[in-house]
1. Would you tally the residues in the stretch 250-276 being in contact with a Lys or Arg (Cβ under 6 Å, 6 or more places away or on another chain) and either assigned to a helix (DSSP H, G or I) or not polar (S, T, N, Q) (or both)?
2. Could you grab me the full set of residues in the stretch 122-144 that are surrounded by 13 or more Cβ atoms within 10 Å (Cβ to Cβ), in a loop (DSSP other than H, G, I, E, B) and among the small types (Gly, Ala, Ser)?
3. Could you tell me whether the stretch 214-235 includes any residue that is touching a residue at least 60 places away in the same chain (Cβ under 8 Å) and either surrounded by 13 or more Cβ atoms within 10 Å (Cβ to Cβ) or hydrophobic (A, V, I, L, M, F, W, C) (or both)?
4. Any chance you could count how many residues in the stretch 229-278 are in contact with a His (Cβ under 7 Å, 6 or more places away or on another chain) and modelled with pLDDT under 95?
5. Considering only residues that are without any contact (Cβ under 8 Å) to a residue 24 or more places away in the chain and more than 14 Å from the chain's Cα centre (by Cα), look in the stretch 148-184 and name the one that is nearest to Lys109 (Cα to Cα).
6. Identify the residue in the stretch 177-213 that is surrounded by fewer than 16 Cβ atoms within 10 Å (Cβ to Cβ) and in contact with a helix residue (DSSP H, G or I) (Cβ under 7 Å, 6 or more places away or on another chain) and, among all such residues, is farthest from Leu133 (Cα to Cα).
7. Go through the residues of the stretch 254-276 one by one and say whether even a single one is free of Cβ contacts under 8 Å to residues at least 24 places away in the same chain, charged (D, E, K, R) and within 13 Å of Pro127 (Cβ to Cβ).
8. How about the stretch 250-276: which of its residues are buried (at least 24 other Cβ atoms within 10 Å of the Cβ) and of a type in the set (Val, Ile, Thr)?
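The values are calculated or read from the model by the stated rules, or taken from the named source; none is laboratory data. Quick caveat, the model's predicted, so the values are computed rather than measured. Backbone-built Cβ (ideal geometry, glycine too); neighbour counts: all protein chains shown.
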Amino acid sequence: MISNPTRLWRFSTQHKQKLKKKTEMALKAVSSMFTNSTNPAALTSTKHHHQIQNIGISRRDFINVGLSVMPLVLSPPPPPSIAREVEVGSFLPPSPTDPNFVLFKATSKDTPALRAGNVQPYTFILPPTWKQLRIANILSGNYCQPKCAEPWVEVKFEDEKQGKVQVVASPLIRLTNKPNATIEDIGTPEKVIASLGPFVTGNTLDPDELLETSIEKRGDLTYYKYVLETPYALTGSHNLAKATAKGNTVVLCVVSANDKQWASSQKTLQAILDSFEV
């Protein structure tokens, strides 16, 4: 028994130093073995048992350290789509109508609502320099599909110099009780934007901020189009929007820009909105 406090402190310090040294040696050995073998059972092989003895640590200490670092060593690298943002021109096909743009066609691989069959596929064009942004799980509707009660964000793309575009979807029942209603069944363009305005601006929409409305027919669907000047919007001081209804969902495409982006890229932003189709 060590009764002297000074000797006890020295013993404790020496013990910690030895333990630290053994841990470092074990980590080095574990790293080397995992580098050469991704089979965890290799830790118990005769060959590796001799390696453990050579570095002067117990088999038990070695196994404990190995198990603690195994998740770090064996964890796969993140997918490229998560690890870094890339320009859409590197993976989307050229637009068949304009070589200055690429074509985005949403599929079941892109959003939870498309996988659930709650939204029909949609398309629009983009400049090849734009990048796709990740959507937070709480905003994507992933947690509530296929019976979401509130609107969710489908996809979002952005270019810092030009602006951004996002597709927002809303359950039809939020706007009307009529099943499979058309956009005309819901009401006038003004009535629809009054309900969906906060999802255009990111906060609120004043009726005076609505500068222009128009109606467009494409195939069997009718689209309501909007031009908004929104100086207090979180999305930007200029917003263009286009809405239609299909199935059990109202789909809204929103193109946004600040004053500087709008001044230089208005035609590009308008082209993106005009191309949107469900």
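1. The total comes to 3.
2. Across the stretch 122-144, the qualifying residue is only Gly141.
3. Within the stretch 214-235 (the criterion being touching a residue at least 60 places away in the same chain (Cβ under 8 Å) and either surrounded by 13 or more Cβ atoms within 10 Å (Cβ to Cβ) or hydrophobic (A, V, I, L, M, F, W, C) (or both)), the answer is yes, since at least one residue qualifies.
4. Qualifying residue count for the region: 0.
5. Within the stretch 148-184, the match that is nearest to Lys109 (Cα to Cα) is Glu160.
6. Only one residue fits best here, namely Lys178.
7. yes
8. Of everything in the stretch 250-276, those that are buried (at least 24 other Cβ atoms within 10 Å of the Cβ) and of a type in the set (Val, Ile, Thr) turn out to be Val250, Val251, Val254, Val255, Ile272.
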